[in-house]
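Novice: Take a look at this one; I'll ask things after.
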Protein chains: 2
Amino acid sequence: MSKNDGVWQHCTNSAIRRAARQLGQLYDDLIEPSGLKGTQFSLMSQIALSGKDGTPLKPLAEGLVMDLSALGHTLKPLTRDGLVELIPDERDGRVKRARLTPLGAQKQEEALALWQDAQGRFDAVFGAERSAEMRSLLGLISTPDFAKAFRAAKPDSND
Amino acid sequence: MSKNDGVWQHCTNSAIRRAARQLGQLYDDLIEPSGLKGTQFSLMSQIALSGKDGTPLKPLAEGLVMDLSALGHTLKPLTRDGLVELIPDERDGRVKRARLTPLGAQKQEEALALWQDAQGRFDAVFGAERSAEMRSLLGLISTPDFAKAFRAAKPDSND
DNA sequence: TGAATTTAGTGGTATATGCCACTATATTGG
DNA sequence: CCAATATAGTGGCATATACCACTAAATTCA
C-alpha cells in the first residue's frame, strides 16, 4: 500500500461508486442531446420491454435493484414531461403499470442511437472482452442470490 | 438475448448503477451502527489519509472522481455533525482544507471495523481473486486516462 | 502594476435514491 | 363475512450528486 496515490482503494463499495460517477458522466455527456439522463434512459428502456400493457412498479423496481419508493420518485420527472404514464391495473386495484407514452417511446429510440455510441466507445476503449467480463461480474453482484449470500456470510468464512 | 429476464443488461452504465445500489445497500446495512453511510465512510477515510493538515477540496474531489460542488454538498452533513472541519489554507486564500475532527477520527475508526466485516464478506462470497480483479477493473474506469480515451474514441475504432 | 484570465469554493436548483409512516387494496383464517 | 395481515404505492424527509452562476483570490501578461 506504499503507492496508493492517496486514494482509498481497498473498498469495493467506494470503487464501484467512483466508477459509476465517472461512467455516468461519460454516458450522460453523449446521451444529453436527447434530453435524457443515462438513468432515465435505462429506466425507460426497461419499461419499453413491457410493451403496451406496461409493467407494475414493484417488479420494475426489483429488476432495477432499486427501492420501490426511489423508483416512484425517479418516475416523477418522466411522467411530468409526458414520457411515461402510470395506468391502473384492471385486476388489482393496488397496482399501477408504467409504460412509455408515444413521445416517450420516440425519445427512447432517439437516445438509443446515442447510447450505442457510448457503449461502442466503452467497448472500444475497455476492450470488448473485458467489457463483457465486467458486465458479467456486475450482473452477479446485482443478483438477489448475491445479496442473500452476503447477508448470510460470516466475514471469515471461505465458501 | 432470448433469456434476459426482462432486464436491460447490455448497458455497462446501467449495470454498474444496479450493482452500486445493491452493494451500497449491503455495505450500509453493516456500517449503519456507526451512524455513518458507506459514502460518508469512504469520504472520511479519504480525508483521514491527509492527516493533521487536511486536504484541499479540489484534489479531494478529483481523487473521489466527484464534482467539486457535489463534494461540498456531501460535506455539509459531516461538518454540521462535527465530524469534519474546513480550515483555511495559509498560503492560498481560496483554498479550504478538509480534515477529520477528533470525533470524526473516532467515528471513522469505529466504522472501519464494521467496514472490514463488509469487505470480508464481499471477498468471501465473491471470491478474493475475482474481488481484486473487480476492483482493478473499476479502478481503470475511474482513471482520468480512461475518461480521456473514452471522450476521444470513435465508436467504431478498435485500438 | 493593473487588467484579463484562471482557479477554488459556495449556493441554488434538479435528479437519484433510501427510509419511514401512511393509505388503499388484496388475501387469509376463523 | 369479518378481522388480521400482507402487498403496492405515495409523500415527506435526508443524503448523494451534477450543472450553473457567482464570488474571491491568485496568476499571467502587456
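Any read-out appearing in this document is the output of simple, stated calculations on the displayed coordinates, not a laboratory observation. Keep in mind it's a predicted model, so treat the numbers as computed, not measured. Positions of Cβ are generated from backbone atoms using ideal geometry, with glycine treated the same way; all protein chains shown enter the neighbour counts.
Novice: In nanometres, what is the gap between the two model label sites at A:A105 and A:D92, each 7 Å from Cα along Cα-to-Cβ?
Specialist: Simple spin-label model gives 2.5 nm for this pair.
Novice: What nm distances, shortest first, do you get from the label point of A:A149 to those in the other copies when the point sits 7 angstrom along Cα to Cβ?
Specialist: Ordered by increasing distance: 2.9 nm.
Novice: Just to check I understand the Karplus step: with θ = phi - 60° and J = 6.51 cos²θ - 1.76 cosθ + 1.60, what whole-Hz values come out for region B:51-60, glycine and proline as x?
Specialist: Ordered by residue, 3J(HN,Hα) equals x, 4, 7, x, 9, x, 5, 4, x, 4 Hz.
Novice: For the peptides B:33-41, A:48-56, B:16-24, what is the packing order when you average, over each peptide's residues, the other Cβ atoms within 10 Å and list the highest mean first? Working shown, then result.
Specialist: Working: B:33-41: 19.6, A:48-56: 14.6, B:16-24: 23.6.
Taking the mean over residues of other Cβ atoms within 10 Å, the ranking is B:16-24, B:33-41, A:48-56.
Novice: If you don't mind, there's one more thing I want to ask. Whole-Hz ³J(HN,Hα) for each residue in region B:142-153, computed from phi via Karplus 6.51 cos²θ - 1.76 cosθ + 1.60 with θ = phi - 60°, x for glycine and proline: what do you get?
Specialist: Along region B:142-153, the couplings run 7, 6, x, 4, 4, 4, 4, 4, 4, 5, 7, 5 Hz.
Novice: Next up: Return the long-range amide H neighbours of A:R97 (sequence gap of 5 or more, or a different chain), with a cut-off of under 5 Å between placed amide H atoms.
Specialist: Close amide H contacts, sequence-distant or interchain: A:I87, A:D89.
Novice: Something else: What nm distances, shortest first, do you get from the label point of A:L86 to those in the other copies when the point sits 7 angstrom along Cα to Cβ?
Specialist: Copy-to-copy label distances at A:L86, shortest first: 3.7 nm.
Novice: Next up: Can you give the angle from 0 to 90° between the axis of helix B:38-48 and the longest principal axis of chain B, with both taken from C-alpha atoms, to the nearest 10?
Specialist: The angle comes out near 50 degrees.
Novice: Continuing with this model, one more query. Relative contact order of chain A, please, whole-number percent, based on alpha carbon pairs below 8 angstrom and at least 6 residues apart. Don't skip to the end; give the middle numbers.
Specialist: On the way: 118 pairs, mean separation 32.9, N = 159.
About 21 percent, as a whole number.
Novice: Once amide H atoms are placed 1.01 Å from N in the peptide plane, what residues at a sequence separation of 5 or more from A:V84, or on another chain, have their amide H within under 5 Å of its amide H?
Specialist: Residues meeting the amide H criterion: A:T79, A:T101.
Novice: Hey, another quick one. Taking θ as phi - 60°, what are the ³J(HN,Hα) couplings along region B:93-105 by the Karplus curve (6.51, -1.76, 1.60), each to the nearest whole Hz, with x for Gly and Pro?
Specialist: Per-residue couplings from phi come out as x, 7, 7, 10, 10, 9, 8, 6, 6, x, 4, x, 4 Hz.
Novice: Given axes a ≥ b ≥ c from the Cα gyration tensor, I'd like to know whether region B:51-138 is rounded (a/c under 1.5), prolate (a/b larger than b/c) or oblate.
Specialist: Prolate shape, in that a/c is at least 1.5 and a/b is the bigger ratio.
Novice: Once the Cα atoms of the protein assembly as shown are picked out, what are the Rg and Dmax in Å?
Specialist: My reading of the Cα-based Rg and Dmax gives 20.7, 69 Å.
Novice: Identify the residue of chain B whose Cβ lies closest to the rotation axis that maps chain B onto chain A, and give that distance in whole Å.
Specialist: B:A20, 2
Novice: Against the longest principal axis of chain A, how steep is helix A:128-141, in degrees 0 to 90 to the nearest 10, with axes from Cα atoms?
Specialist: Rounded to the nearest ten degrees, it is 80.
Novice: Rounded if a/c is under 1.5, else prolate if a/b is larger than b/c, else oblate: which is chain B, with a ≥ b ≥ c the root eigenvalues of its Cα gyration tensor? It would help to have the intermediate numbers written out before the result.
Specialist: Details: a/c = 2.34, a/b = 1.38, b/c = 1.70.
Oblate shape, in that a/c is at least 1.5 and b/c is the bigger or equal ratio.
Novice: I would also like to ask the following. What average count of beta carbons from other chains do you get within 10 Å of the Cβ of residues in B:129-138?
Specialist: Numbers: counts 0, 3, 2, 1, 4, 10, 8, 2, 9, 14.
Mean partner shielding for this stretch: 5.
Novice: Assuming 0.36 nm per residue, please report the length gained on full extension of the stretch B:A128 to B:Q116 beyond their Cα-Cα distance. Before the final figure, lay out each step's value.
Specialist: Details: separation 12, 0.36 × 12 = 4.32 nm, distance 1.36 nm.
Going from the current span to full extension adds 3.0 nm.
Novice: Separate question: What percent do you get for the relative contact order of region B:63-121 when only Cα pairs under 8 Å and 6+ apart count? If you can, show how the numbers build up before the last one.
Specialist: On the way: 38 pairs, mean separation 13.4, N = 59.
This gives 23 percent for region B:63-121.
Novice: Which order do peptides B:132-144, A:141-153, B:115-127, B:80-92 fall in by mean Cβ count within 10 Å, highest first?
Specialist: Values: B:132-144: 17.8, A:141-153: 16.2, B:115-127: 19.6, B:80-92: 13.5.
Ranked from most to least packed, the peptides come out as B:115-127, B:132-144, A:141-153, B:80-92.
Novice: Work through the residues other than B:A111 whose Cβ is under 12 Å from its Cβ and net out their charges, Lys, Arg +1 and Asp, Glu -1.
Specialist: Values: positive: B:K37, B:K107; negative: B:D28, B:E32, B:E109, B:E110, B:D117.
Net charge around B:A111: -3.
Novice: Could you tell me the center-to-center distance, by alpha carbons, between region A:95-125 and region B:5-55 in angstrom?
Specialist: 26 Å
Novice: So what is the calculated 222 nm ellipticity per residue for chain A, using -39500 (n - 2.57) for each DSSP H run with n of 4 or more, over all residues, to the nearest 500 deg cm²/dmol?
Specialist: Numbers: 7 runs with 99 residues, N = 159.
Result for chain A, helices only: -20000 deg cm²/dmol.
Novice: Still on this structure: I need the inter-copy label distances for A:E62: point set 7 Å along Cα to C-beta, values in nm with one decimal, smallest first.
Specialist: Copy-to-copy label distances at A:E62, shortest first: 4.6 nm.
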